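Encoded as structure tokens, the structure appears first; notes follow it.
The numbers here are math on the coordinates, done by the rules we state, and not lab data. Owing to the predicted nature of the structure, the values given are computational and were not obtained by experimental measurement. A quick note on method: Cβ atoms are made from the backbone with ideal geometry, for glycine too, and the neighbour counts reach across all protein chains shown.
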Amino acid sequence: MINPGNLLEQFLGADAARSMQQTGGAAKQRLDNAGLGGFGGGALAGGLLGLMMGNKKMRKMAGGVVGYGGAAAAGALALKAYQNWQQGQAPATAPLATPADIPQQGQRFFPGATPAANGQPFELVMVKAMIGAAKADGHIDAEEQKSIFEQVEKLGLDAESKAFVFDTLTRPVDIGEIAASAQGIEQATELYLVSRLAIDPDHPAERAYLQALGHRLNLPVELIAHLDHQVADAPQG
């Protein structure tokens with residue numbers, strides 16, 4: 001049976017990075033080549049999504065916060081952006097999230113606080129959103145998928161979790177399905193936030209994907225600006 005929280009940690013948390021470092025080989029080398037080999041490199045250095053991103057250019061990934069809180073730190077970034085937006089602050093100068101903002105289990109913006117709109121554990125929808133965003137530029141071809149599959153096999157995931165990852169990787173991205181899974185504005189902001197972590201906003205296809213997702217999630221333009229600020233300007237850990 002899938003452990004949704006554990007699977008999400010494998011994408012955003014430190015557990016996957018430790019496994020990659022212990023197994024070594026091509027996966028760790030690819031992380032290093034991408035500039036994502038250390039936790040200070042950002043959120044994606046800590047999980048499978050860093051591997052999926054391949055050799056994309058290095059960029060800030062909110063590493064300072066995520067390094068403290070694993071997957072729950074995504075909730076901290078979304079929560080801070082939401083609070084700043086509610087307070088009417090200017091996105092460019094609004095306060096950034098800190099480890100003190102990381103929500104506790106069961107609180108609003110904690111990834112597993114409530115199920116998704118389709119009844120699925122919300123952590124699994126977050127994983128789908130990250131994979132969809134990582135695939136937006138089309139760089140994950142059959143060879144990339146094979147490399148990722150090989151690394152997933154080394155992580156000690158249960159059979160259902162591995163099947164979920166493999167199926168999501170090979171299926172076409174359904175941005176409408178991802179957006180429709182959000183139950184309320186809290187989950188909508190988190191889906192946008194983790195998708196923003198996984199893309200290069202300077203890449204036209206990825207930028208277009210993110211804009212389309214924000215539109216499908218019905219997020220206010222100013223709130224999106226706050227979410228972008230939390231990711232782009234977060235200090236490195």
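For Glu150 and Glu222, what does the FRET efficiency come to when R0 = 45 Å and r is the distance between their Cβ atoms, rounded to the nearest 0.05?
Efficiency computed from Cβ-Cβ geometry: 0.55.
Run down the aspartates and glutamates and flag those whose C-alpha is under 19 Å from the C-alpha of Lys162, throwing out any fewer than 8 positions away in its chain.
Straight-distance partners of Lys162: Glu9, Asp15, Glu123, Asp141, Glu143, Glu144, Glu150, Glu153.
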